[in-house]
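The values are calculated or read from the model by the stated rules, or taken from the named source; none is laboratory data. These figures come from a predicted structure and were not determined experimentally. When we count neighbours, we look across all protein chains shown, and the Cβ atoms used for this are built from the backbone with ideal geometry, even at glycine.
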Amino acid sequence: MILFDSHSHIDDEAYDKDLEAVIERAQKENVCAIMIVGIDIPTSLKAIKIAQIHHRIITSVGIHPHDASQCSRSMLDTLIHLAKENPCVKAWGETGLDYNRMFSPVKDQESCFSAQLEIAGSLDLPLIFHERDSEGRFYEILKSNGPKCRKGVIHCFSGTREELFKYLDLGYYIGITGILTIDKRGKYLRSLVPHIPEERIIIETDAPYLTPAPQKNKFRRNEPSFVKSVLLKLAEIKNADPEILSQAIFDNTKKLYQVDF
């Protein structure tokens, strides 16, 4: 089995005391690559520092919709510089819209999102998308801000069947987290998984959040090694051989992030 945690936040302070042990545990579970996702300048910088000293750890840079009210040209220029100067930066994001918690006004979220779409296009970087309760606005912006050849992943997909097919029609990958393994919360997602083509699925932890079952019963903090539980649940639902499925998803993730290792 070969695994790629396509979305983590192991730059979080929750790992400051045992990051090396976390990475070692991931390797023991055949997690052969990890993406650390930036959500602002400090997290992007910290992620890059981790990637610079660890093999097969890559990063992204971006501004999360929660922080869109602070989005400025100088902030975006700094992130552009980081992306250009550091080979470990393989994607842009986490960016998108979050109308659930509303930590930033709608106007700020939409303008910050649109600016990042343009930047990612100019840098030829795939995007890591965040969407919560935007009632179709997220999709409208994606549709109106081409190009059709844009690569990206809908991080932690938890939308409707209709939304799933819209994202697939746009050519995006679908990121599946530990929610899939949770009895009640993951029931609807489990009903949608059979409709996702194997070549469009990637798996993620979103660590330290969204700990999957069975680890959820023992550990509050998620970590990349637990992505194996997501893969095993996927294989069960799709009635697929876990080893064969893991290789396909690993290849999907390499293709998305344009890495060769």
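Summed over the range 70-127, the residues that are under 22 Å from Gly171 (Cα atoms), among the polar types (S, T, N, Q) and touching a Ser or Thr at 6+ places or on another chain (Cβ under 6 Å) give a count of 1.
The set of residues from the range 38-60 being not hydroxyl-bearing (Ser, Thr, Tyr) and not in a loop (DSSP other than H, G, I, E, B) comprises Ile41, Pro42, Leu45, Lys46, Ala47, Ile48, Lys49, Ile50, Ala51, Gln52, Ile57, Ile58.
Surrounded by fewer than 22 Cβ atoms within 10 Å (Cβ to Cβ), farther than 23 Å from Asp251 by Cα and either touching a residue at least 12 places away in the same chain (Cβ under 8 Å) or of a type in the set (Asp, Glu) (or both), is that true of Met102? For Met102, the condition - surrounded by fewer than 22 Cβ atoms within 10 Å (Cβ to Cβ), farther than 23 Å from Asp251 by Cα and either touching a residue at least 12 places away in the same chain (Cβ under 8 Å) or of a type in the set (Asp, Glu) (or both) - is not met. Pairs meeting the criteria (first residue in the range 59-82 and surrounded by fewer than 17 Cβ atoms within 10 Å (Cβ to Cβ), second residue among the β-branched types (Val, Ile, Thr) and not in a helix (DSSP H, G or I), beta carbons under 8 Å, at least 6 apart or on different chains) are Gln70/Ile63; Met75/Ile63. Screening the candidates Ile23, Ile63 for the property of being assigned to a loop (DSSP other than H, G, I, E, B), under 25 Å from Thr211 (Cα atoms) and within 19 Å of the chain's Cα centre (by Cα) yields one hit, Ile63.
Applying the selection to the range 122-151, what residues are out of contact with any strand residue (DSSP E or B) (no Cβ under 9 Å at 6 or more places or on another chain), assigned to a loop (DSSP other than H, G, I, E, B) and closer than 18 Å to Gly38 by Cβ? Scanning the range 122-151 gives a single hit, Asp124.
Kindly indicate whether Ala68 is in contact with a Leu (Cβ under 6 Å, 6 or more places away or on another chain), within 23 Å of Ile154 (Cα to Cα), modelled with pLDDT of 95 or more and in a helix (DSSP H, G or I). Judged against the criteria, Ala68 is not a match.
Quick one: would you say Ser191 is surrounded by fewer than 24 Cβ atoms within 10 Å (Cβ to Cβ), closer than 22 Å to Asn239 by Cα, of a type outside the set (A, V, I, L, M, F, W, C) and under 15 Å from the mean Cα position of the chain (by Cα)? Here the answer is no, as Ser191 does not meet what is asked. Given the structure, is Ser111 surrounded by fewer than 16 Cβ atoms within 10 Å (Cβ to Cβ), part of a helix (DSSP H, G or I), in contact with a helix residue (DSSP H, G or I) (Cβ under 8 Å, 6 or more places away or on another chain) and of a type in the set (Gly, Ala, Ser)? Considered against the rule, which asks whether it is surrounded by fewer than 16 Cβ atoms within 10 Å (Cβ to Cβ), part of a helix (DSSP H, G or I), in contact with a helix residue (DSSP H, G or I) (Cβ under 8 Å, 6 or more places away or on another chain) and of a type in the set (Gly, Ala, Ser), Ser111 comes out as yes. Quick one: would you say Lys238 is surrounded by fewer than 23 Cβ atoms within 10 Å (Cβ to Cβ), modelled with pLDDT of 95 or more and more than 17 Å from the chain's Cα centre (by Cα)? So Lys238 passes the test.
Give the residue, chosen from Asp40, Asp11, that is surrounded by fewer than 24 Cβ atoms within 10 Å (Cβ to Cβ), in contact (Cβ under 8 Å) with a residue 12 or more places away in the chain and in contact with a helix residue (DSSP H, G or I) (Cβ under 7 Å, 6 or more places away or on another chain).
When all the criteria are applied, what remains is Asp40.
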